[in-house]
Structure formats: C-alpha cells, structure tokens
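See structure below.
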Amino acid sequence: MPDAIRWENNQLHLLDQTLLPREVVYVHCRTHEIVCDAIRRLAVRGAPAIGVAAAYGLVVGAMEQGTDASRWTREHLERVRADLAATRPTAVNLFWALERMWKTLEWHWGERDLLERLAAEACAIHEEDIAMNRRMGGFGAALLNDGDGVLTHCNAGALATGGYGTALGVIRAAVEQGKRIHVYADETRPLLQGARLTAYELAADNIPVTLICDGMAASLMRRGEVKAVIVGSDRTVANGDVANKIGTYGVAVLAKHHGIPFYVALPSSTIDLSLKNGDQIPIEERRPEEVRGYKDCQWAADVPVWNPAFDVTPHELVSALITEKGVIRPPYDVNIPRALRG
C-alpha cells in the first residue's frame, strides 16, 4: 500500500490519487504552488491528509527563499500561507495545520534553525495523525461485532490521512483483533473515491470488500446485510453536525430508517468548535465536468450542473463520533467539549 505523503531529505512527494488504482505516481512538490495544485485537483485529498500536506507545503514555501532563515521575508511566507489556505474551504484540518505551523514560525522567527523547526513541526503533525488514527481505531473496533457487514462512503483510509485511516482505520483495527468484517463500499459519485480508492485499499489489505453503486445502499440495508455504517469527516462542528463527501447525508437517512448505527470517525483536529451548526460550514462546489463524465470521457448533455463536494449530516442522525479521545455520544454540544478537555 503506497504512502499518500512522503517527506524525505527535505523534499515532499504526494501520491497522485487521481491516477489510482491504475498507476502509482508521486508528484515531486518543488514549490508551494505545486502543493496547492495537488490539493485543488485532489491528487491529495481527505481532511487529515490535506492538513499534513499543507503543513509540509509551508516548509516547501519557506525553502523557496533558501535555507538561510535570516533572509526570509514575512511577506513571502504570508503569501504561501494564503495560497495554501485558499485551496479547499471545507476541510478544517487545512486551517488547523497552517495555524499550528504559523505559531512555530512566530515563536522561532529569526532563529538560525527555523527551517529545521518548521520541518520538525510538519513531521510531528504527520506522525501525530497516524497515532490518532490508530487510537481511534481501537476505540471504534469495540463497536463492531464479528461477522458484521459495514458500509462506508467515499474514502477515509490511509490514503485520506497521514496513514492507517479514520473510518477504514476502525475497520482495520477490528480485523487486527480477529473480527471477520465485510465492507460494502459505495462507489461515491462523481469522482469514484470508493470505487477507485477504498476498494483498492481494502483489497490490498485482504479485507473482504464488495463495491456497490451509491443507489444500491438502501436495498442492501433492507436485505439486512449492513450492521453498521462508518464514514469520515471533513469538518464536525459544536453541535455534532458533520460535513463529509456528498451523499453521506443520504446514507445517514437510510441508516436511520433501517435502524442501523451511523458512526463518524475523525481526529479531534477535524472538530471546529467555532461553528455552532452545520449551516455555517462552507461547502466547496466543483467543476461541472466532474458530473457530466469522468476525466476525458464526458457522457452527459451540456446542461447546467450542481456539484457540491460535500453535504452536512445533522447530528440527530449520528449515533456516535469515534475520536482518538474515545467514543463521543449525544448530546454532542455537551460531550464534544468535555472530550476535548479530557
């Protein structure tokens, strides 16, 4: 299983996920503009992975001025930060990681080893994300039973994070405990992250997976094949509303109707307490060509397209939030702050 993000010898390499599963190609990010482009066009995607990539992107941008930090200008670094922040509006990890990197920059401005400190902070963000995923995997695995069929939407695995995964991390942890889990992966229109990435990850780990079209989930639930739904999150707000890949809300409604628990796995860095509810979450809208076809193959008529990248699942439909701090249950407006303080 290839790493989504590699930092080697002060060089950033991002796996181009738009080419998976056919090709494994890395983008060598020599400039912060290349990092920005990779985030915008989804070569790197998933909120935790975007945050990690942005952290490294700030280091790359700093090195554009050379390795001697005494020659750096704040104006250039502020532009690098702004460029990275403008890439994708919904994933809160992007802004969280940039803020953390900027604090390191402020605290050590003028010091000779500033570049090393920035690189070390980006690596720490990367390593901490993997550790958080593994901890949440352990908490979430307790919610799954041996023999369960689990539905997931989009890709919330190692490819969407620093490593191991959020939703898929829970499934991986359950399998590592010896539980037999069968995953049903929504293809996830319009960019097919479930078909191209989730199925690819699970097959690589020899975890049983069946790919379904998005419109098949209701019938599968009615047949009794799904015992739990687990998805990731790009931003979860104070009342427990969750922004995730478009189509997640519909899956949550179906799960509620069929009496199936709907779990969201996320690191605490994805929680945004500054927003009271999901109506305040900025939702990215993407190019119409993504809906009219896939890549160069455009099969739909040239008509207007509505293409939001995400939707918001109301907290009433969320059975529990699985975090590295434990499993958080309703009422979320009380229990999310309590868990973060703990």
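Tabulated values for the structure
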| read-out | value |
| --- | --- |
| Cleavage-rule hits, trypsin sites (Lys or Arg not before Pro), the stretch 203-276, DSSP coil, Cβ neighbours within 10 Å at most 15 | 223, 276 |
| For the chain: rounded, prolate or oblate by the Cα gyration tensor [a/c cutoff 1.5] | prolate |
| Formal net charge of residues neighbouring residue 269 (Cβ-Cβ distance under 10 Å; K, R +1; D, E -1) | -3 |
| Descending semi-axes in whole angstrom, ellipsoid equivalent of the stretch 6-139, from the Cα gyration tensor | 24, 17, 14 |
| Estimated dipole of the chain in Debye, rounded to 20 [Cβ of Lys and Arg +1, of Asp and Glu -1, Cα centre] | 660 debye |
| Residue (of 67, 98, 84) at the positive-pole extreme of the stretch 41-129, dipole from beta-carbon charges | 84 |
| Candidates 36, 297, 123: whichever shows maximal mean-square fluctuation once the chain is modelled as a Gaussian network with Cα springs under 10 Å | 297 |
| Sparse-neighbourhood loop sites, trypsin sites (Lys or Arg not before Pro) in the stretch 1-54 - DSSP loop, at most 12 other Cβ within 10 angstrom | 22 |
| Under DSSP loop assignment and at most 13 Cβ neighbours within 10 Å, longest chymotrypsin sites (Phe, Trp or Tyr not before Pro)-free interval of the chain | 110-298 |
| Net charge of Cβ neighbours under 12 Å - reference residue 153; Lys, Arg +1; Asp, Glu -1 | -2 |
| Kirkwood Rh, angstrom, the stretch 143-341 [1 / mean 1/r, Cα pairs] | 17.1 Å |
| Within the stretch 278-335, GluC sites (Glu not before Pro) in DSSP loop having at most 12 other beta-carbon neighbours inside 10 Å | none |
| Net charge over other residues, Cβ less than 12 angstrom from the Cβ of residue 280 (K, R count +1; D, E count -1) | -1 |
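Values quoted throughout were computed directly from the atomic coordinates according to the rules given, and no laboratory measurement underlies them. The structure displayed is predicted, hence computed values, not measured ones. Note that we place each Cβ from the backbone using ideal geometry, even for glycine, and neighbour counts take in every protein chain shown.
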